[in-house]
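This report refers to the structure that appears directly beneath it.
The values are calculated or read from the model by the stated rules, or taken from the named source; none is laboratory data. Bear in mind that the values here come from a model prediction, so they are computed numbers and not experimental data. Cβ placement follows ideal geometry from the backbone for every residue including glycine, while neighbour counts extend to all protein chains displayed. Ligands, DNA and RNA are stripped out before the accessible areas are found, and what is left, the full protein with its side chains, is counted by its heavy atoms. Shrake-Rupley method; radii C 1.70, N 1.55, O 1.52, S 1.80 Å.
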Amino acid sequence: MEITNPVHKPGFWEKISVERIKVELLRTAYGQSMTFLSRFDPRILMAWYAFFAITPWFIHNKVILLGFLIAIAILTYTSKPSLLVLLVLAIGLISDAAYMLVVSLMFGGGLAAAWALSTLTLKLLVITLASIAVFTSMDPERLSDGLLSLGMPAQFSFGVAYGFRMLPILIEEYNNILYSYRLRGKSPQKKSLRMLIYSFKLSVIAFYPLILNTAKRTRTTVEALEIKGFTYAMHDPKVKKLKLSYLKITLKDLAFLAVSAFYITVVFYLGSMLEL
């Protein structure tokens, strides 16, 4: 008789861990280099994102918002976003919809009031998905250079890139601090409410040494950059021109804007004909 060992398939909750969350956050922060939107110039992407981040606030036609949502959902899918980010987005939208429904029913508004309030949910969904689609497709260096090319201060542009670069270091440092507290402390023996409170307490306490270590790392980085002439280089036009020389708006960027403009025109035309 042949005995086979059953293969254990990890469940949903077994896949959720600190390490898994760290990997998903880093994958989101550092962007995808082989997506549809990553082929375009970062300045074009930021201009495209600015339209979809501002315009929905001034639109109340659900047909137009649904048209925006369909296109942006497709682009978000091609950007290969993190499942963790999409899960957080889904939880937020479901809780928001449930909250509006409960409030409308409590005050006698009925489903008609909830339907009217759903316009805000559509606006938030369009803006959120546009943010995920664009910033998942750009690495920190391209985002920083795009901001610098658009006239943003050099310190601000560098701060954006530096913040992304520091993200994996901060997460790793936070994990090490948590592990050190667990090694030196005594955790509850049984998995109960006390274990949950103990874990929450460690998570809060670990932030204090993390802030101190981050301040030390930042000071060391600033001193190293100043020794290499960072302040002078950031304000030198020749250095700026050399740094941004790889940014070029090509025909495919203009074609992307043209197709987007045509689609937006069609959506607005349909919205004027139909209204929900």
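At a Förster radius of 30 Å, what calculated FRET efficiency corresponds to the Cβ-Cβ distance of Ala47 and Arg217, to the nearest 0.05?
0.30
How large is the Rg to Rh ratio of region 87-197 when both quantities use alpha carbon positions and Rh follows Kirkwood?
The Rg/Rh ratio comes out at 1.17.
Please give the FRET efficiency for Leu170 paired with Lys240, using the beta carbon to beta carbon distance and R0 = 35 Å, rounded to the nearest 0.05.
So the FRET efficiency works out to roughly 0.75.
Compute, for Phe207, the solvent-accessible surface of its heavy atoms (probe 1.4 Å) with the complete set of protein chains present, and express it in square angstrom to the nearest 10.
Here the accessible area works out near 100 Å².
Using only alpha carbons, build the gyration tensor for region 78-151 and give me the equivalent ellipsoid semi-axes, biggest first, whole Å.
Semi-axes (√(5λ), whole Å): 35, 14, 8.
Using θ = phi - 60° and the Karplus relation 6.51 cos²θ - 1.76 cosθ + 1.60, list the HN-Hα couplings for region 146-162 in order, rounded to whole Hz, with x at every Gly or Pro.
x, 5, 5, 5, 7, x, 5, x, 4, 5, 5, 4, 5, x, 5, 5, 5
Which GluC sites (Glu not before Pro) from region 222-276 combine a DSSP loop assignment with at most 11 other Cβ atoms within 10 Å?
The qualifying sites are Glu275.
Among the chymotrypsin sites (Phe, Trp or Tyr not before Pro) within region 106-183, which fall in a DSSP loop and have no more than 13 other Cβ atoms within 10 Å of their own Cβ?
Here the sparse-neighbourhood loop sites are Phe107.
At a Förster distance of 35 Å, what's the computed FRET efficiency of Trp57 paired with Lys186, Cβ-Cβ distance as r, to 0.05?
FRET efficiency, Trp57 to Lys186: 0.10.
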